[in-house]
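The next block holds one structure in the form of structure tokens; read it before the comments.
The values are calculated or read from the model by the stated rules, or taken from the named source; none is laboratory data. Quick caveat: nothing in here was measured; it's all calculated off a predicted structure. Quick reminder, even Gly has a Cβ in these numbers, built from the backbone with ideal geometry, and neighbours come from all protein chains shown.
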Amino acid sequence: MMNQDPISGYRILIWSEDPDKLQTFYRDVLALEPFIKLDIPDDYGYAFKVGDSGLLIWIGKHSEVHGENKDPQRHIFNLYVHDVQAWYEKIKDRNDVTILQEPMVTPPTRDADIKKYVCTFLDPEGNCFQFMNP
């Protein structure tokens, strides 16, 4: 087996025809902290910090991406929150969000006595996210 450097991290990239619309949603609705805006000829986008995780979500302009995501459940991004119901209440009546699953108890993982919840939704361009308990 070849001796390789281990993978040391990752970043989520979401390409869009209109990253300005998405950045407003992620900043104002999901309350993600803007980290940096890249603005160079023919390319621009926004990076957001995801809590204290060190993870960044990047939303950028891409010339080959048009309209909504045609296959949204291929990738689902989990956003860990302590109160799934409160986040659901915040987004459920918005016209730019599609709720796929109202909050429900997830199957037990390690401890059957601890209930964890999940709520699945699509952002304004049809990218799939879930609010989940950590």
Check on Gly54, on the phi > 0 side of the Ramachandran plot and either surrounded by 15 or more Cβ atoms within 10 Å (Cβ to Cβ) or out of contact with any His (no Cβ under 7 Å at 6 or more places or on another chain) (or both): yes
Flag for Gln85 being polar (S, T, N, Q), more than 16 Å from Leu22 (Cα to Cα), modelled with pLDDT under 90 and surrounded by fewer than 18 Cβ atoms within 10 Å (Cβ to Cβ): no
Qualifying residue in the stretch 24-41 (condition: part of a helix (DSSP H, G or I), closer than 22 Å to Gln130 by Cβ and in contact with a Phe, Trp or Tyr (Cβ under 8 Å, 6 or more places away or on another chain)): yes
Pairs, first farther than 15 Å from Gly60 by Cβ in the stretch 1-29, second outside any loop (DSSP other than H, G, I, E, B) and of a type in the set (A, V, I, L, M), C-beta under 8 Å, six or more apart: Tyr10/Leu55; Val29/Ile91
Counted residues, the stretch 49-96 - those being assigned to a helix (DSSP H, G or I), of a type outside the set (S, T, N, Q) and either more than 16 Å from Gly126 (Cβ to Cβ) or in the same structural domain as Pro19 (by TED's automatic domain parsing) (or both): 6
Lys90 vs. criteria closer than 28 Å to Pro134 by Cβ, surrounded by 10 or more Cβ atoms within 10 Å (Cβ to Cβ) and touching a residue at least 60 places away in the same chain (Cβ under 8 Å): yes
